[in-house]
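Some notes on the structure that comes next.
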Amino acid sequence: MTKQLGFLHNSEKCVGCQGCEMACKNEYQTDAAPRWRQVFQLREEDYSLPTRMFFSMACNHCANPECLRVCPVKAYTKREDGIVVHDHDRCIGCRLCLMACPYDRPQFNPAQKKVEKCNLCYQRIDKGEKPACVAACIPEALQLVEINEALDQRMGVLKTLPGLPSPDITQPAIRFIGPKQGKQIRRD
Amino acid sequence: MGTWEWPLIVFTVLSQISIGIIVGLLGLDCRNQLKEKLFKQGVVVSGILLMIALLASLFHLGHPEAAYRAITHLGSSWLSREILFFILTFVGWLYLLWLSFHPAGKLRSSLLITSVLGLLGIISSAMIYVLPRVPAWNNVAPVFFFILTAGLLGALALVILGGKELQPEQKKSLLNWALGCIIVSIFMFVLYASTIKVNAQGAATVQFLLSSPLFWLRAGLGWLAPLILLLIGLKSQKVFTASTLYLVFALVGVGEILGRALFYVSAVGIHISALF
């Protein structure tokens with residue numbers, strides 16, 4: 001593997017519009033139930049100010065993907081650019097990857113009785129285009145980035161957010177910016 | 001919380017009884033030469049259980065017709081390894097079946113090889129669940145639980161199958177073995193519950209188990225009642241009528257099935273805790 005592509009999500013910019021989810025569904029015409037990408041709202045216990053904060057998550061194309069390790073049919077492969085690709089045709093629907101992924105990102109399609117997930121729009125990336133979710137994000141909260149030390153050393157870039165599983169398990173290729181704790185100014 | 005994985009419950013429990021019987025036959029043969037009738041009965045029942053187990057496992061898959069592909073990732077997938085070992089165990093069983101009708105070959109070494117393959121299959125089954133995502137499973141407990149099921153139900157099944165073919169000391173050693181497995185199971189569970197409590201997901205698993213009436217039913221039927229019956233029976237051999245043995249087997253069987261169901265249902269995985 002020569003590099004690791006991944007996502008950078010900025011919770012300060014994200015308005016929770018779910019445009020990324022819709023763009024993904026539109027691109028792949030997926031069934032209603034599986035949500036390859038999903039927008040979450042941080043819980044009040046984790047972010048205690050009276051504003052809503054969101055983050056958007058699809059497959060994290062982990063450096064140490066548990067789905068790939070446990071899959072008995074080699075349905076998962078990791079490309080040179082770090083993208084973890086799921087081969088829908090090879091899947092036999094054993095759902096072991098669902099048990100193994102701490103982010104619940106492989107999704108079981110009950111109609112097709114197979115697992116499916118985000119393949120980071122590798123066919124678009126190979127043509128030099130952005131993934132559908134990134135291209136559709138109006139506030140530009142979601143970006144495609146190369147996960148490396150330079151990114152991790154940038155001011156404000158976080159490896160995880162409150163409420164997320166420890167990144168030590170699978171080393172997910174996602175980074176976050178914010179949310180910043182705002183300052184409350186009262187008139188009195 | 002996990003789900004009721006009935007195909008997996010049937011597959012794991014039945015395959016473990018099947019392999020337990022083969023291991024038990026080996027143990028008996030090492031002490032005194034096995035009687036032909038007992039060997040044949042044990043092998044036939046073990047094979048029937050193994051076949052039902054393998055068939056049941058297919059119902060867990062979304063696409064059972066493509067199950068053959070599940071053997072293609074031996075490098076890192078314990079599920080692939082499990083299937084390989086069970087196929088090899090089945091091949092070993094076929095040879096044992098042939099031997100049971102043509103008693104000329106090397107019986108003990110065939111039993112030994114089939115037992116080792118079967119035990120490797122059981123260990124692989126357990127290792128599937130050793131996942132960093134599920135702290136309650138991410139330890140040696142699944143391996144112990146699965147092997148104990150094989151030892152316990154395999155020994156009891158052999159006592160029932162053996163009937164009058166078994167000498168009193170063979171019967172006693174099998175029942176002692178079953179008693180030992182129950183005691184170790186109880187000890188293992190206490191150790192398991194006290195060690196997995198250290199993190200939130202493990203504590204949730206323990207809380208779920210201890211507040212579930214099914215767990216107490218499992219403990220009462222599968223551990224306590226057979227423990228008392230075996231302790232009483234082993235003191236005076238006369239108590240062990242055929243019906244008592246069937247009762248002990250049924251109690252332990254129900255206990256192990258409930259225990260396995262709870263194994264799947266009580267598993268709490270690490271997950272995103274945010275609003276959807």
Name the residue, out of A:Asp89, A:Asp126, that is modelled with pLDDT of 95 or more, under 30 Å from B:Gly75 (Cβ atoms) and within 14 Å of another protein chain (Cβ to nearest Cβ).
-> A:Asp89
Which strands (runs of 3 or more DSSP E) sit wholly inside segment A:65-158 and have at least 2 residues that are more than 18 Å from A:Thr30 (Cβ to Cβ)?
-> A:76-78, A:142-146
Take segment B:245-276 and flag every residue that is within 14 Å of chain A (Cβ to nearest Cβ), over 18 Å from B:Phe215 (Cα atoms) and either part of a helix (DSSP H, G or I) or modelled with pLDDT under 90 (or both).
-> B:Ser273, B:Ala274, B:Leu275, B:Phe276
Select from segment B:115-127 the residues that are in contact (Cβ under 8 Å) with a residue 40 or more places away in the chain and surrounded by fewer than 24 Cβ atoms within 10 Å (Cβ to Cβ) and list them in ascending order.
-> B:Ser115, B:Leu119, B:Ser124, B:Met127
Checking A:Asn64, A:Asn26 in turn, the sole residue that is surrounded by fewer than 19 Cβ atoms within 10 Å (Cβ to Cβ) and under 30 Å from B:Leu84 (Cα atoms) turns out to be A:Asn64
Under 7 Å between Cβ atoms, at least 6 apart or on separate chains: pull out the pairs that start in segment B:54-65 with a residue that is at the interface with chain A (Cβ under 10 Å from one of its Cβ atoms) and on the phi > 0 side of the Ramachandran plot and end on any residue that is surrounded by fewer than 17 Cβ atoms within 10 Å (Cβ to Cβ) and in a loop (DSSP other than H, G, I, E, B).
-> none
Residue check, B:Ile83 against (1) more than 17 Å from A:Ala100 (Cα to Cα); (2) away from every other protein chain (no Cβ under 13 Å), all met but one. Which one?
-> (2)
If you go through A:Cys71, A:Cys101, the only one that is under 27 Å from A:His9 (Cα atoms), within 11 Å of another protein chain (Cβ to nearest Cβ) and in contact with a helix residue (DSSP H, G or I) (Cβ under 6 Å, 6 or more places away or on another chain) is A:Cys101
Does A:Leu96 qualify as being more than 10 Å from chain B (Cβ to nearest Cβ), modelled with pLDDT of 95 or more and surrounded by 14 or more Cβ atoms within 10 Å (Cβ to Cβ)?
-> no
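The values are calculated or read from the model by the stated rules, or taken from the named source; none is laboratory data. Computed from a prediction, not measured in an experiment: that's the story for all the values here. Cβ: placed from backbone, ideal geometry, glycine included. Neighbour counts: every protein chain shown.
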